Amino acid sequence: MRKNFLIFALAAVLAPAALFAQPQRQMMPQMPEANYQFTVIKENPITSIKNQASSSTCWCFSAIAFIESEIIRIKGIKDAADYPDLSEMFVVSQSYKDRAEKYIRLDGDLRFGPGSEADDVLHVIQDYGIVPQEVMPGKQASPAHSEIDAVTKSYVETIVQRSRGSVSKTWKAGFDAMVDAFFGTAPETFEYKGKTYTPASYRDALGIVPSDYVSLTSFTHHPFYTKFTLEIGDNWRGDSSYNLPLDEFMGALKSAIEKGYTVAWGSDVSETGFSRTGIGVLVEPAAARPAAGSDQARWVGADPNQPQAQKPSNELPKEIVPTQEWRQEGYDYKTTTDDHGMQIFGMAKDQNGTLYYMVKNSWGETGKYKGIWYVSENFVAGKSMDIVLHKDALSKDLKKKLGIN
């Protein structure tokens, strides 16, 4: 097995550079900074800000943040010292393995890359459980996944290209060995706070039931109040979302926050109004310029501490008020894409009375608000792909419309 593994790893290293290239949307130039003054309306508990660094794992960091807040809510945890800290790399490694198996089964007719979506995290927790961060912290203090992303992609492509109708019995062992070498090996059992757990029994002890969570979206190319598979490349598992009219979609989000729930949020952040300083507003786009570097730099700029060229203005920018048709056009013509996963946990108002959602990001304690973004209601309405939340956050009437028990 080791001989085959080394051959495939060498093939990956020697593969053409073009094989490793990943398409990226160009980010928009930053809008002039304004003097925002926020008053918090509702703020639900979150765990500490994390940093996905140079990895495309926002889907995992954001969903894990959401699950951690769910544990706080379900368990009624009051002391921040007792807040859970779950392992992102446990989930990422299992996701890579599941994705590789599906890629091989489909003879390569599947996007294979580091991106995914929040439901993937729920699948992993359902199928494999979860572990604390200290049990499987990963092997990098700051995630940098370009090597493992490139090598795993080359590996599975090579298996498909050379299989000629059959695959070796050892391909999966070789793939798993690469992933485990990079992220660490998931434990079968572990000791935590004086108790012995398996990943599955730890999940159950936390009170997390993955099937209790639902995804909501809002588009017109499928009937409202039905489920459909959101057509985005990172939805490689083919998960479905409940489709709602925009006003009900936004109503469900606001109601959830008011009731004490948080949500996992998939959105487009490659926009002029999504700033490096912690603001997201829906303003007219300007000419794009290339992005480079970390995940944050990829979308909103390379240096969060770089001085602004202009002094902040007391006049807040005027926003687009998105309609259902505006949303659909953005989705159809790719001006709204699935860029980034975050966690929405609260609401605030600016000095003009405009509603904003408080968002936990995974770019470290960066920007004016140390890793928190204030994103306008218009931005969320216009640029959301979907939200994932506990089904009990929905009203009885909406559950009935959707057929959710």
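The values are calculated or read from the model by the stated rules, or taken from the named source; none is laboratory data. Worth saying up front: this structure is predicted, and the values here are computed from it rather than measured. We place every Cβ from the backbone using ideal geometry, glycine too, and count neighbours over all the protein chains shown.
Listing for the model above:
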read-out	value
Single residue of region 33-50 satisfying the filter (part of a strand (DSSP E or B) and at pLDDT 95 or above) that is surrounded by the fewest Cβ atoms within 10 Å (Cβ to Cβ)	T39
Answer from S270, S166 - the residue that is exposed (fewer than 13 other Cβ atoms within 10 Å of the Cβ), part of a loop (DSSP other than H, G, I, E, B), of a type outside the set (D, E, K, R) and at pLDDT below 95	S166
Candidates D350, D338, D332, filtered to the one that is surrounded by 20 or more Cβ atoms within 10 Å (Cβ to Cβ) and either under 25 Å from Y36 (Cβ atoms) or in contact (Cβ under 8 Å) with a residue 24 or more places away in the chain (or both)	D338
Members of region 51-65 that are surrounded by fewer than 24 Cβ atoms within 10 Å (Cβ to Cβ), over 16 Å from I148 (Cβ atoms) and within 10 Å of the chain's Cα centre (by Cα)	none
Flag for D295 being among the acidic types (D, E), at pLDDT below 70 and in contact with a strand residue (DSSP E or B) (Cβ under 8 Å, 6 or more places away or on another chain)	yes
Number of positions in region 199-226 that are surrounded by fewer than 17 Cβ atoms within 10 Å (Cβ to Cβ), of a type outside the set (A, V, I, L, M, F, W, C) and touching a strand residue (DSSP E or B) at 6+ places or on another chain (Cβ under 8 Å)	5
Some residue of region 180-192 being under 27 Å from I71 (Cβ atoms), assigned to a helix (DSSP H, G or I), of a type outside the set (K, R) and under 24 Å from the mean Cα position of the chain (by Cα)	yes
Strands (runs of 3 or more DSSP E) (entirely within region 213-262) containing at least 3 residues that are of a type outside the set (K, R)	213-217, 240-243
Some residue of region 309-327 being more than 22 Å from N51 (Cα to Cα), surrounded by 22 or more Cβ atoms within 10 Å (Cβ to Cβ) and under 22 Å from the mean Cα position of the chain (by Cα)	no
Tally, over region 193-228, of residues that are more than 17 Å from the chain's Cα centre (by Cα) and either under 23 Å from C58 (Cβ atoms) or not polar (S, T, N, Q) (or both)	24
Candidates S154, S146, S93 - the one that is under 16 Å from the mean Cα position of the chain (by Cα) and modelled with pLDDT of 95 or more	S93
